Amino acid sequence: MFDPDIAPSGTLLGLLQRGRGDGTLHALAAPRAEALAALHHCVLHDPRRDWQVENRSLYYARLHMDLDGGFDEIEQHLFHPDDLLDTAEERTGLALAVLGHLASYGRTDALLLLRRYAISGGNWAWALDELALRDDDAGLLGLGESVLARFPSTPAGETALAAAVRDAFEPRPWRLWADDRQSPATAARVRAAQEQGSFDRWQRQLRPAGPRPGWSVREVLDWAQEGLALHPTQLRHVPATRCLTAVAGPEDRLEIIQAAASGPEAARATALRYLAEHHDPQALDLIETAAADPDELVAEAAVTAFERMRDTAALERARVWIHRADALGAAAAGMLACRGAAYDSALVLGALRRTVRAEGPDAAVLCDLVHGAGRLAIGCAAPVLRHIYRETSSSQLRGRTARALAATDPSFATGFAVECLWDCEETTRELAAHHATTADARVVEQLRRLAADPAEEAEVQTAVRSRFGPEAPSAG
């Protein structure tokens, strides 16, 4: 993840970067040139804090269609000389995904641009995945020789080809090329690469690098620690915890407690997780000490171990630790928000307000705190929830906030729920489809559009149909 440069929430660019429904509504009301400039800025400079979990591509593609946008800016970005130097997926991934959606809407020029990029672009594998979902067999077969030309007919080239085939997110193009009778040489190379990938997986299964049956507790802890000396470093404390569960018995408890208290960092992290998962009576005290350790691995492992605990003792300790101004305090706040009782509402609300004041609307723990405000139906949390909704740059957090507002804010149906119908996240659109008042003409029109859009998620369309079915509630 990274921190992109996000414009203020009250500007058109800021709204579009956040993926808010109001971004689309404002763009359609703005001068077309201004709206297209803001849209292109978003597509070419991915605004997401975490591009692997946040959605923007369908949101931008729909706006591109509404504005009847062209592809000159996207084409210049994809085929810029930087494409050969900056190979990170996030530089071009959003633009390629937008082109993929536009191709599914029937934009042939978007499909042709994807084909060109798959042949010569640096992030060609992403473009090929988009084409695998949208292109026909003839179009994909026409790319086979050009894509394979990326891999020279040398041992190193064949190894790289086997890795590309093995790691492909969408295998359809490779399967077509393996059966391509018009290009026997291409088909033979792809089949050989497929066989090599299967052989590589079989070899890895024959030579496992982890602990063997019969290992002792000490050997598992040593294996975890040895990973830190490797290059690149291997953090093994999570798999080592699973191994420890398989080999440790009651007679090993004191050795594991000693490792958690004073062992080397990876062994200590392993022991802490093990004790927490087994609800050992000493786990919470050891976690409290380790959370303040200067070693980052130990401190993070302690906090994570606490977050995974599910017993009553952990909840009781969370009520004490929630006032701490460190990672363990944030974990305690998240635990109470997700699992606390109604009488914990004041603690959760206090943590929510304190976090927003101290860390802003994008703090990681806000996901849990916002969820807790909705789960506990804390009505007086609505003002701070509305602030988070407007200001956060995370569309995931905004979606959670919208759900919390639906449980705490009586004005949600006529307010934020309306704009949520245009939101970039399908779960937020689904929520809005259930709640937005149909007394607003824009709502009825958008619900019908979502119901007819083949690119819309099935859950959203089911929610829309529930508003128009024979047993649908009356307009709110």
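Out of 73, 89, which single residue is out of contact with any Ser or Thr (no Cβ under 9 Å at 6 or more places or on another chain), within 16 Å of residue 61 (Cβ to Cβ) and without any contact (Cβ under 8 Å) to a residue 60 or more places away in the chain?
73
Being in contact (Cβ under 8 Å) with a residue 40 or more places away in the chain and outside any loop (DSSP other than H, G, I, E, B) narrows it down to one of 46, 83, so name that one.
Result of the check over 46, 83: 83.
Tell me, which residue of the stretch 258-272 that is without any contact (Cβ under 8 Å) to a residue 40 or more places away in the chain and open to solvent by 20 Å² or more (accessible area, probe 1.4 Å) is nearest to residue 307 (Cα to Cα)?
268
If I go through the stretch 135-174 residue by residue, how many of them are more than 21 Å from residue 116 (Cβ to Cβ) and surrounded by fewer than 19 Cβ atoms within 10 Å (Cβ to Cβ)?
Count: 13.
If I filter the stretch 116-134 for residues that are closer than 30 Å to residue 62 by Cβ, open to solvent by less than 60 Å² (accessible area, probe 1.4 Å) and charged (D, E, K, R), do I get at least one hit?
Scanning the stretch 116-134 turns up at least one residue that is closer than 30 Å to residue 62 by Cβ, open to solvent by less than 60 Å² (accessible area, probe 1.4 Å) and charged (D, E, K, R).
Kindly list the number of the only condition in (1) assigned to a helix (DSSP H, G or I); (2) of a type in the set (Gly, Ala, Ser); (3) closer than 19 Å to residue 428 by Cβ that fails for residue 350.
Every listed condition holds for residue 350 apart from (3).
Can you pull out every residue in the stretch 335-362 that is open to solvent by 20 Å² or more (accessible area, probe 1.4 Å) and over 23 Å from residue 398 (Cβ atoms)?
339, 341, 342, 343, 346, 347
What are the residues in the stretch 175-184 that are surrounded by 12 or more Cβ atoms within 10 Å (Cβ to Cβ), at pLDDT below 90 and either in contact with a Ser or Thr (Cβ under 9 Å, 6 or more places away or on another chain) or assigned to a helix (DSSP H, G or I) (or both), if any?
178, 180
Select from the stretch 119-141 the residues that are part of a helix (DSSP H, G or I), charged (D, E, K, R) and without any contact (Cβ under 8 Å) to a residue 40 or more places away in the chain and write down the one among them that is nearest to residue 160 (Cα to Cα).
Taking the candidates together, the pick is 130.
Is it fair to say residue 344 is over 22 Å from the mean Cα position of the chain (by Cα), within 27 Å of residue 289 (Cα to Cα) and of a type outside the set (Gly, Ala, Ser)?
yes
When you scan the stretch 160-168, do you find a residue that is in a helix (DSSP H, G or I), touching a residue at least 40 places away in the same chain (Cβ under 8 Å) and more than 23 Å from the chain's Cα centre (by Cα), even just one?
For the stretch 160-168, residues in a helix (DSSP H, G or I), touching a residue at least 40 places away in the same chain (Cβ under 8 Å) and more than 23 Å from the chain's Cα centre (by Cα): absent.
Does at least one position in the stretch 279-287 carry a residue that is more than 19 Å from residue 256 (Cβ to Cβ) and open to solvent by 10 Å² or more (accessible area, probe 1.4 Å)?
No, because not a single residue in the stretch 279-287 is more than 19 Å from residue 256 (Cβ to Cβ) and open to solvent by 10 Å² or more (accessible area, probe 1.4 Å).
Return the residues of the stretch 1-41 that are closer than 23 Å to residue 53 by Cα, part of a loop (DSSP other than H, G, I, E, B) and either at pLDDT below 95 or more than 21 Å from the chain's Cα centre (by Cα) (or both); say none if nothing qualifies.
If the condition is that a residue be closer than 23 Å to residue 53 by Cα, part of a loop (DSSP other than H, G, I, E, B) and either at pLDDT below 95 or more than 21 Å from the chain's Cα centre (by Cα) (or both), then 1, 2, 3, 4, 5, 6, 7, 8, 9 are the ones that fit.
Where in the stretch 369-474 are there helices (runs of 4 or more DSSP H), lying fully within it, with 2 or more residues that are of a type in the set (Gly, Ala, Ser) and open to solvent by less than 30 Å² (accessible area, probe 1.4 Å)?
Where helices (runs of 4 or more DSSP H) fall fully within the stretch 369-474 and carry at least 2 residues being of a type in the set (Gly, Ala, Ser) and open to solvent by less than 30 Å² (accessible area, probe 1.4 Å), they are 395-408, 426-435.
Can you run down the residue pairs with Cβ atoms below 9 Å, 6 or more apart or on separate chains, where the first is in the stretch 280-307 and at negative phi and the partner is in a loop (DSSP other than H, G, I, E, B) and of a type in the set (Gly, Ala, Ser)?
299/292; 302/292
The values are calculated or read from the model by the stated rules, or taken from the named source; none is laboratory data. Predicted, not measured: the structure shown is a model, and the values here were computed from it. Ideal geometry is used to build each Cβ from the backbone, glycine not excepted, and the neighbour counts take in all protein chains shown. We work out accessible area using only protein heavy atoms, side chains counted, and drop any ligands, DNA or RNA first. Shrake-Rupley method; radii C 1.70, N 1.55, O 1.52, S 1.80 Å.
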